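The values are calculated or read from the model by the stated rules, or taken from the named source; none is laboratory data. What you see is a predicted model; the values in this text were computed from it and never measured. In this analysis, Cβ positions are derived from the backbone assuming ideal geometry, glycine residues included, and neighbour counts consider all displayed protein chains.
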Amino acid sequence: MHATLPLLATTNFPLIRRRSLDTLQVNLGYKCNQSCLHCHVAASPQRTEMMDADTVALVMEVLRARQVLTLDLTGGAPELNEHFRYLVRQARALGVRVIDRCNLTILSEPGQEDLAAFLAEQSVEVTASLPCYSPANVDRQRGSGVFERSIAGLRQLNALGYGQSGTLVLNLVYNPQGAVLPPPQGPLEADYKRELLLHFGIRFDHLFALTNMPIQRFGSTLVSKGTFGAYMQLLRDSYRAENLDTVMCRSLLSVDWQGFLYDCDFNQMLGLRASVGGAARPHLRDLLQHDLAGTDIRSADHCYGCMAGQGSSCGGALEASVPPATHVAVVPMTERVR
């Protein structure tokens, strides 16, 4: 059990239910070439968990059987999995949209010199972490020299046609530096575009502003500083019910490196398994037999992070696309432990 789970388990978060499955978010392993302070996966170069070939083949089987539209590849650094390129090629051959959640520095790692060209060749959508356009802030959060290598990676992607508002999509991801909510996504995106173009000649398509979740490294840091309760109160106080309708877990399913299923990547890190056909440990193979539409989404107090302020998902803020609150299908609930 993760250290912060007992602090998150008792919740009054509204019960919501799944719609049809649109996106399969697959964690190919927790190994990474970086160790970022905000990482909710606690990825690092020392991690050894990696998805094997049999599980990758099962991912492909589920994509075909369920006609999944989007394959969202994450980690760790997903590109470090030896089956990454095979999975990308096979998914793209099916016409599936593929997203690579790239940390940018992986593009300059030994053995990955042709990675950017491969992504462009396969028309993979790149969603890259760049928590600030300031070198000092990025290096403070992600490690010394990371900003310079990130800029080099972005220039490499731009040179291949990424971020030019064409078919090769390049999105950036912003995380706050501490226990605060991200600023409004629209104005921040404008700042990023202006500063990166002016100082580095970098272009990109969209900026996603993500709230830091109180789990793994970030959660442990909050606990050690005695600020966990205050941050959770901030998330609760900033709750907006209208964000419930477009929260990512309604149409996304998270898959860990062993093939087990969770309602989102954050639940995966907390060990909160999805509900699939009554299985004790629901697995990819269960998706070949069971449809998840209408099933309950498992929640805990960290779910307030997705609902706070402008909202937060793997695709950035929810606020801009939220329909009227009267369209939200929510089942009222009393305080419970899940």
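Below, the figures for the structure above:
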item: Matching entry among S224, S238, S254, S220 (being under 20 Å from Q25 (Cβ atoms) and among the hydroxyl-bearing types (S, T, Y)); result: S254
item: From the options R101, R85, R92, residue that is under 21 Å from the mean Cα position of the chain (by Cα), of a type outside the set (A, V, I, L, M, F, W, C), farther than 26 Å from S313 by Cβ and not in a loop (DSSP other than H, G, I, E, B); result: R85
item: Positions within segment 183-214 being more than 26 Å from L119 (Cα to Cα), crowded, with 16+ Cβ neighbours inside 10 Å and in contact (Cβ under 8 Å) with a residue 60 or more places away in the chain, in sequence order; result: Q185, T211, N212, M213, P214
item: Failed criterion for M269 (all others in (1) surrounded by 21 or more Cβ atoms within 10 Å (Cβ to Cβ); (2) in contact (Cβ under 8 Å) with a residue 40 or more places away in the chain; (3) in contact with a Gly (Cβ under 9 Å, 6 or more places away or on another chain) hold); result: (3)
item: Residue check, R101 of a type in the set (K, R), farther than 14 Å from L168 by Cβ and surrounded by 19 or more Cβ atoms within 10 Å (Cβ to Cβ); result: yes
item: Output for segment 95-154, where each listed residue is polar (S, T, N, Q) and either in contact with a helix residue (DSSP H, G or I) (Cβ under 8 Å, 6 or more places away or on another chain) or at pLDDT below 95 (or both); result: N103, T105, S108, Q112, Q122, S123, S129, S134, N137, Q141, S144, S150
item: Segment 38-65: number of residues that are of a type in the set (K, R) and modelled with pLDDT of 95 or more; result: 1
item: Residue tally, condition part of a loop (DSSP other than H, G, I, E, B), surrounded by 16 or more Cβ atoms within 10 Å (Cβ to Cβ) and either of a type in the set (A, V, I, L, M, F, W, C) or touching a His at 6+ places or on another chain (Cβ under 9 Å) (or both), over segment 235-266; result: 4
item: In segment 158-182, residue surrounded by the most Cβ atoms within 10 Å (Cβ to Cβ) [restricted to those that are touching a strand residue (DSSP E or B) at 6+ places or on another chain (Cβ under 7 Å), assigned to a loop (DSSP other than H, G, I, E, B) and at negative phi]; result: Y162
item: Failed condition for G311, given (1) crowded, with 19+ Cβ neighbours inside 10 Å; (2) touching a helix residue (DSSP H, G or I) at 6+ places or on another chain (Cβ under 8 Å); (3) among the small types (G, A, S); (4) modelled with pLDDT of 90 or more; result: (4)
